[in-house]
Amino acid sequence: MQIAKNSAVTINYEMYNAEGVQIDKTEEPIAYLHGGYDNILPLVEEALHGKAVGDTVEVTMSAEDAFGEFEPELVREEDKDVFPPEVEVGMMFEADDPISGDVILFRVTEINEGTVTVDGNHPFAGMSIRFVASVIDVRDATSEELSHGHVHGAHGHHH
């Protein structure tokens, strides 16, 4: 079966930065719903379209096409008192963007005497990425997966 709109696709992947250093890879296969559901990077989805089990794709993307440009305004220094006492570097916190009203996920990047630095950028923001994926499984998505907009089950979303 070839990957087409409304396919449930399972892949393994590796990601590399511009210097060729591996920055991420799957420990377990991941599954996504193919066909514009925003479950995977658009250029990767485009490259996978029409592929079948056993096929491999390689996509090199600019920061803009991958995880976005680094936005310095998303790095903020906050008073340590607004965080729980057990705050640690690497912890994630949600906050409302006062301008857009969107929820932004911030990662703690530094803790000082009275301040905590948080970063709302994706950890790979600003990076050109080479994404290499191999297709493990392709099947028709269920009606429930289509209505929810994501794959359920072993390597997909769990409710």
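The values are calculated or read from the model by the stated rules, or taken from the named source; none is laboratory data. Note that the coordinates shown come from a computational prediction; the quantities given were computed from them, not determined experimentally. Positions of Cβ are generated from backbone atoms using ideal geometry, with glycine treated the same way; all protein chains shown enter the neighbour counts. For accessibility, only protein heavy atoms count, side chains too; no ligands or nucleic acids. Shrake-Rupley method; radii C 1.70, N 1.55, O 1.52, S 1.80 Å.
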Note to self: Being surrounded by 13 or more Cβ atoms within 10 Å (Cβ to Cβ) and either of a type in the set (A, V, I, L, M) or in contact (Cβ under 8 Å) with a residue 60 or more places away in the chain (or both) is the filter here; which residues of segment 76-90 pass it?
What the structure shows: 87
Check: If you check residue 20 against the conditions, is it exposed (fewer than 10 other Cβ atoms within 10 Å of the Cβ), at pLDDT 95 or above and under 17 Å from residue 134 (Cα atoms)?
Finding: no
Note to self: Looking at segment 22-70 only, could you name the residues that are within 12 Å of the chain's Cα centre (by Cα) and on the phi > 0 side of the Ramachandran plot?
What the structure shows: 38, 68
Next item on the list: Look at segment 10-39 and say how many of its residues are more than 20 Å from residue 126 (Cα to Cα), among the small types (Gly, Ala, Ser) and in contact (Cβ under 8 Å) with a residue 60 or more places away in the chain.
Entry: 1
Check: Which members of segment 108-131 meet the condition of being among the charged types (D, E, K, R) and closer than 24 Å to residue 20 by Cα?
Finding: 130
Next item on the list: Might you let me know whether segment 129-138 holds any residue that is of a type in the set (Asp, Glu) and open to solvent by less than 40 Å² (accessible area, probe 1.4 Å)?
Entry: no
Notebook entry, point to check: Among the residues of segment 64-75, which ones are in contact (Cβ under 8 Å) with a residue 12 or more places away in the chain and either loosely packed, with under 15 Cβ neighbours inside 10 Å or not in a strand (DSSP E or B) (or both)?
Noted result: 65, 66, 67, 68, 69, 70, 71, 74
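Residue-by-condition table, conditions (1) open to solvent by less than 80 Å² (accessible area, probe 1.4 Å); (2) touching a residue at least 40 places away in the same chain (Cβ under 8 Å); (3) in contact with a Gly (Cβ under 6 Å, 6 or more places away or on another chain); (4) charged (D, E, K, R):
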residue: 99; (1), (2), (3), (4): no, no, no, no
residue: 103; (1), (2), (3), (4): no, no, no, no
residue: 112; (1), (2), (3), (4): yes, no, no, no
residue: 117; (1), (2), (3), (4): yes, yes, no, no
residue: 143; (1), (2), (3), (4): no, no, no, no
residue: 147; (1), (2), (3), (4): no, no, no, no
residue: 153; (1), (2), (3), (4): yes, yes, no, no
Item checked: Unique residue being of a type in the set (D, E, K, R) and in contact with a Phe, Trp or Tyr (Cβ under 7 Å, 6 or more places away or on another chain) when the list is 107, 139, 130 -> 130
Check: Do we have any residue at all in segment 73-88 that's acidic (Asp, Glu) and either touching a His at 6+ places or on another chain (Cβ under 8 Å) or under 30 Å from residue 2 (Cα atoms) (or both)?
Finding: no
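Out of 9, 53, 44, 57, I need the residue that is modelled with pLDDT of 95 or more, part of a loop (DSSP other than H, G, I, E, B) and either aliphatic (A, V, I, L, M) or buried (at least 16 other Cβ atoms within 10 Å of the Cβ) (or both). Which one?
One residue alone meets the criteria, 53.
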